[in-house]
Amino acid sequence: MLFYDSDMQIQFIRHCETEWNRLEKCQGVSDIELNDNGIYQSNLLSKFYYDKNVDLIFSSDLKRAIQTSEAINKGPNCRINKDKNLREMDQGDFEGLTFSHLRKNYSNELQTWRKNPKDFRIPNGETLGEVQSRMIIFTENIFKKFNYLNKVVVVSHNLAISSMLCYYLHKDLKEFSDFTIDSGSISTLEYYNEKVKVVELNYIKHLNKND
């Protein structure tokens, strides 16, 4: 499972858990490290990828993504390429606030964002449309520049990955919340006959403590 017969695969991994994830705080571009559970998850990812043939690894340049990609890199032993385009959505003035605080004090802004995430800009932050655009450009570049490779791993973030998936699944961007992108999960795109297909969403079996 997860490794299919195709010309090329890109596997998008959401970084493992941080303390702000656990506390349900907006992280955005705040540079938060993995917590103990996140380190445990990254070790499980390391075991999962240890005997997998991965040709190239890209990572957001934020600490939580780098820590996750470094764990994966123990097996394939290939260089990690850091890219700011893989960062999470810049959530501006909302960063560091809990989701419950936002729901209580910024309900109008959240409602507007849900209705039009493509264009609504969080104060001093990004629009989700801007995030999607940079993620699509990054992904298309990988398919064009590295189509001679078989497996590429990309470590990124929740909204960055879900906005990209909307594009390749031909969904309106306001449907981004339909996707569950768990910490440490894997979502896979395949490139075959010059077409891109989503073949796996939010794969988490490797994180099952009983496996």
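The values are calculated or read from the model by the stated rules, or taken from the named source; none is laboratory data. Only a predicted model underlies this, so the values are computations on that prediction, with no experimental measurement involved. Cβ placement follows ideal geometry from the backbone for every residue including glycine, while neighbour counts extend to all protein chains displayed.
I'm trying to understand the selection: among the residues of segment 61-99, which are more than 21 Å from ASN37 (Cβ to Cβ) and part of a helix (DSSP H, G or I)? LYS84, ASN85, LEU86, GLY92, ASP93, PHE94, listed by residue number.
Any residue at all in segment 75-84 that's modelled with pLDDT under 95 and more than 23 Å from LEU189 (Cβ to Cβ)? So far as segment 75-84 goes, yes, one or more of its residues are modelled with pLDDT under 95 and more than 23 Å from LEU189 (Cβ to Cβ). The C-beta contact set for segment 101-122 (first residue more than 15 Å from PHE176 (Cβ to Cβ), second residue modelled with pLDDT under 95 and surrounded by 11 or more Cβ atoms within 10 Å (Cβ to Cβ), distance under 7 angstrom, 6+ apart or interchain) comprises LEU102/LEU110; ARG103/LEU110.
Apart from one condition, SER69 fits all of (1) loosely packed, with under 15 Cβ neighbours inside 10 Å; (2) touching a Ser or Thr at 6+ places or on another chain (Cβ under 8 Å); (3) farther than 15 Å from ASP182 by Cα; the exception is (1). The set of residues in segment 152-198 that are modelled with pLDDT of 95 or more, among the β-branched types (Val, Ile, Thr) and either out of contact with any helix residue (DSSP H, G or I) (no Cβ under 8 Å at 6 or more places or on another chain) or not in a strand (DSSP E or B) (or both) comprises ILE161, ILE181, THR188. Residue count for segment 179-196 under the criterion of being more than 15 Å from the chain's Cα centre (by Cα) and surrounded by fewer than 14 Cβ atoms within 10 Å (Cβ to Cβ): the result is 3. If you go through segment 21-46 and pick out every residue that is within 30 Å of ILE122 (Cα to Cα), assigned to a helix (DSSP H, G or I) and without any contact (Cβ under 8 Å) to a residue 40 or more places away in the chain, you end up with 2. Applying the set (1) in contact with a strand residue (DSSP E or B) (Cβ under 8 Å, 6 or more places away or on another chain); (2) of a type outside the set (A, V, I, L, M); (3) farther than 30 Å from ASN193 by Cβ; (4) without any contact (Cβ under 8 Å) to a residue 24 or more places away in the chain to GLY96 leaves exactly one unmet item: (4).
Is at least one residue of segment 47-56 farther than 20 Å from ILE161 by Cβ and assigned to a helix (DSSP H, G or I)? For segment 47-56, residues farther than 20 Å from ILE161 by Cβ and assigned to a helix (DSSP H, G or I): present.
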